[in-house]
Amino acid sequence: MLSDSVAHRIGFGGVKLSVMPSIRSAVGILETAFDNGINYFDTAPLYGSGYSEKIIGKFASNKRDKIIIASKAGLNPATEYKLSPTIALPLNYIKSLIKKKPPLSIHTKPEIVQYRRLTKAYIKSSFEKSLQNLKTDYIDNYLLHEALPSFLDDEAYTYIMDLKAKKLVHNIGIATSGINFSDGNNEYKNWDILQYDYDSEKSKIIYDKYADKKHILHSILSNTYKQNIPVKNAGYLIAECLKKTNANLILFSTSSREHLIENIKSINSYY
């Protein structure tokens, strides 16, 4: 169980949920995170082509008022699969074993995000689909996924602001590589959250420039040594990030219940 002093600063990333062997195991790891003090769950339509959202929706069905859900718009899957998660997850898992793909990861080389126009129709469709997948009537934190506010046309921008005004979303933000926030651009002034990859030096610069925002960091493990991190050290690295940064929240992800528990124990030990 995470200590009270740190639980509110740790979130669970849903990027790996769709590569777990069954819906039971996927929901189970979310239950384990929740039972150990984590109440923030991050997902996106891109993760597992919507299955990550569906799994979190199933998990959240009897505890919606006790958890915070973040989802995104801007990198939606090209194909939407119709199979239920109960059938799709075992098939995906077997397929991944046969193809021996490398583990799914959100960690990519930071780069300047390229402009693409995001319309109201696109954002509206994405938002309504996320509500359906998550089985909820509101989303706590709604983020642009590898996109900037300048990508939104006027109608799309107004639509997102209306979602917040109507409390269909509680906070709005941008989730992209930290390199995109380094210029001090004023276009983020009406946005609540900046979510980006951790870098010990650059993260501090971003925080100082936008100290009025809520800062959410991810990729703590991959951006520390750029190599595989032993499980026993993973919690230590997260704890060190908690100590050294002013981040409001740190995300980490795993598809192993054992790793999740080990990381939680390590965070408590080192923080």
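The values are calculated or read from the model by the stated rules, or taken from the named source; none is laboratory data. Predicted model, so just to flag it, every value in this text is computed and none were measured. Heads up, the Cβs are rebuilt from the backbone with ideal geometry, glycines too, and the neighbour counts pull from every protein chain shown. SASA here: full protein model, heavy atoms, side chains in, ligands and nucleic acids out. Shrake-Rupley method; radii C 1.70, N 1.55, O 1.52, S 1.80 Å.
So, in the stretch 85-102, how many residues would count as being touching a residue at least 40 places away in the same chain (Cβ under 8 Å) and either open to solvent by 10 Å² or more (accessible area, probe 1.4 Å) or farther than 28 Å from Asn141 by Cβ (or both)?
Counting residues in the stretch 85-102 that are touching a residue at least 40 places away in the same chain (Cβ under 8 Å) and either open to solvent by 10 Å² or more (accessible area, probe 1.4 Å) or farther than 28 Å from Asn141 by Cβ (or both) gives 6.
Looking at the stretch 91-107, can you tell me whether even one residue there is among the basic types (Lys, Arg) and touching a Phe, Trp or Tyr at 6+ places or on another chain (Cβ under 7 Å)?
Within the stretch 91-107 (the criterion being among the basic types (Lys, Arg) and touching a Phe, Trp or Tyr at 6+ places or on another chain (Cβ under 7 Å)), the answer is no, since none of the residues qualifies.
Tell me the helices (runs of 4 or more DSSP H) entirely within the stretch 1-109 that contain at least 2 residues that are touching a helix residue (DSSP H, G or I) at 6+ places or on another chain (Cβ under 6 Å) and of a type outside the set (Phe, Trp, Tyr).
Counting at least 2 such residues, we get 23-35, 51-60, 85-99.
Name every residue in the stretch 170-204 that is of a type in the set (Ser, Thr, Tyr), part of a helix (DSSP H, G or I) and surrounded by fewer than 22 Cβ atoms within 10 Å (Cβ to Cβ), in order of residue number.
Tyr188
How many of the residues in the stretch 126-155 are open to solvent by less than 70 Å² (accessible area, probe 1.4 Å) and in contact (Cβ under 8 Å) with a residue 40 or more places away in the chain?
As a first pass, look at the stretch 126-155 and keep what is open to solvent by less than 70 Å² (accessible area, probe 1.4 Å): 126-127, 129-131, 133-134, 136, 138-153.
Within this subset, residues satisfying the condition of being in contact (Cβ under 8 Å) with a residue 40 or more places away in the chain are 126-127, 129-130, 133-134, 136, 139-147, 149, 151.
Total meeting the criteria: 18.
Under 6 Å by Cβ, and 6 or more places apart or on different chains, what pairs join a residue from the stretch 160-179 that is hydrophobic (A, V, I, L, M, F, W, C) with one that is assigned to a strand (DSSP E or B) and open to solvent by 10 Å² or more (accessible area, probe 1.4 Å)?
Ala175/His145
Of all residues in the stretch 10-48, which are more than 30 Å from Ile98 (Cα to Cα) and open to solvent by 10 Å² or more (accessible area, probe 1.4 Å)? Spell out the reasoning first.
In the first step, residues of the stretch 10-48 are kept if they are more than 30 Å from Ile98 (Cα to Cα); the result is 10-11, 34-40.
Within the stretch 10-48, Phe34, Asp35, Asn36, Gly37, Asn39 qualify.
Across the stretch 249-262, which residue is modelled with the highest pLDDT among those that are over 24 Å from Pro90 (Cα atoms) and open to solvent by 10 Å² or more (accessible area, probe 1.4 Å)?
Among residues in the stretch 249-262 that are over 24 Å from Pro90 (Cα atoms) and open to solvent by 10 Å² or more (accessible area, probe 1.4 Å), the one modelled with the highest pLDDT is Leu251.
I'd like to verify a number: residues in the stretch 49-79 that are more than 20 Å from Pro90 (Cα to Cα) and either among the acidic types (Asp, Glu) or open to solvent by less than 30 Å² (accessible area, probe 1.4 Å) (or both), how many?
10
May I ask you to list the residues in the stretch 113-137 that are over 13 Å from Ile56 (Cβ atoms) and basic (Lys, Arg)?
Once the filter is applied, which keeps residues that are over 13 Å from Ile56 (Cβ atoms) and basic (Lys, Arg), the stretch 113-137 yields Arg116, Arg117, Lys120, Lys124, Lys129.
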